[in-house]
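Inspection log for the structure reproduced underneath, given as structure tokens.
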């Protein structure tokens, strides 16, 4: 008797079932690997963004500090320049005259202490201070 090769319906179903299971497993594996790679890429992007934000904040803080230092240096230079101008104006002829007038009225007020001496101290010393600040001789009466 010769061997018979026959196909049974049962084996065809098993192969078809295996084909479907393997195809689904491959598809599921591809979907899963795509999701994992996407999550990893998102994580890397978030880290890069966080690092970029950190660097930008540090640069902004450094720029603000530099700007603040520059403003402070400028303010110091302006104050020094104003002080120099005040000293120059106090030493020139007009400044000396106005300063002497203020000083004389202060001396008179300290001895007499009257309404007139107080108002004249205020008027003459204000004129002197205005001249020192602006370099312009205020109009007198």
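The values are calculated or read from the model by the stated rules, or taken from the named source; none is laboratory data. The structure presented is a predicted model; accordingly, all values stated were derived computationally and were not measured. A quick note on method: Cβ atoms are made from the backbone with ideal geometry, for glycine too, and the neighbour counts reach across all protein chains shown.
Conditions (1) in a helix (DSSP H, G or I); (2) closer than 30 Å to residue 134 by Cβ; (3) modelled with pLDDT under 95; (4) in contact with a helix residue (DSSP H, G or I) (Cβ under 7 Å, 6 or more places away or on another chain), marked per residue:
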{"position": "3", "(1), (2), (3), (4)": "no, no, yes, no"}
{"position": "6", "(1), (2), (3), (4)": "no, no, yes, no"}
{"position": "12", "(1), (2), (3), (4)": "yes, no, yes, no"}
{"position": "35", "(1), (2), (3), (4)": "yes, no, no, no"}
{"position": "53", "(1), (2), (3), (4)": "yes, no, no, no"}
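Only one residue in 27, 90, 70, 58 is at pLDDT 95 or above, in a helix (DSSP H, G or I) and within 19 Å of residue 133 (Cβ to Cβ). Which one?
90 is the lone residue from the list that is at pLDDT 95 or above, in a helix (DSSP H, G or I) and within 19 Å of residue 133 (Cβ to Cβ).
Give the number of residues within region 83-124 that are under 23 Å from residue 136 (Cβ atoms), surrounded by fewer than 16 Cβ atoms within 10 Å (Cβ to Cβ) and either over 45 Å from the mean Cα position of the chain (by Cα) or without any contact (Cβ under 8 Å) to a residue 24 or more places away in the chain (or both). Explain how you work it out, then say what you get.
First, pick out the residues of region 83-124 that are under 23 Å from residue 136 (Cβ atoms): 83-106, 119-124.
Now restrict to residues that are surrounded by fewer than 16 Cβ atoms within 10 Å (Cβ to Cβ): 83-85, 87-88, 90-94, 96-97, 100, 103-104, 106, 119, 122.
Filter once more, keeping what is either over 45 Å from the mean Cα position of the chain (by Cα) or without any contact (Cβ under 8 Å) to a residue 24 or more places away in the chain (or both): 83-84, 87-88, 91-94, 96-97, 100, 103-104, 106, 119, 122.
Here the count works out to 16.
Answer with yes or no whether residue 27 is over 43 Å from the mean Cα position of the chain (by Cα) and surrounded by 10 or more Cβ atoms within 10 Å (Cβ to Cβ). Steps first, please.
Details: over 43 Å from the mean Cα position of the chain (by Cα): yes; surrounded by 10 or more Cβ atoms within 10 Å (Cβ to Cβ): yes.
It is true that residue 27 is over 43 Å from the mean Cα position of the chain (by Cα) and surrounded by 10 or more Cβ atoms within 10 Å (Cβ to Cβ).
Can you report the number of residues in region 112-127 which are assigned to a helix (DSSP H, G or I) and over 17 Å from residue 100 (Cβ atoms)?
Count: 5.
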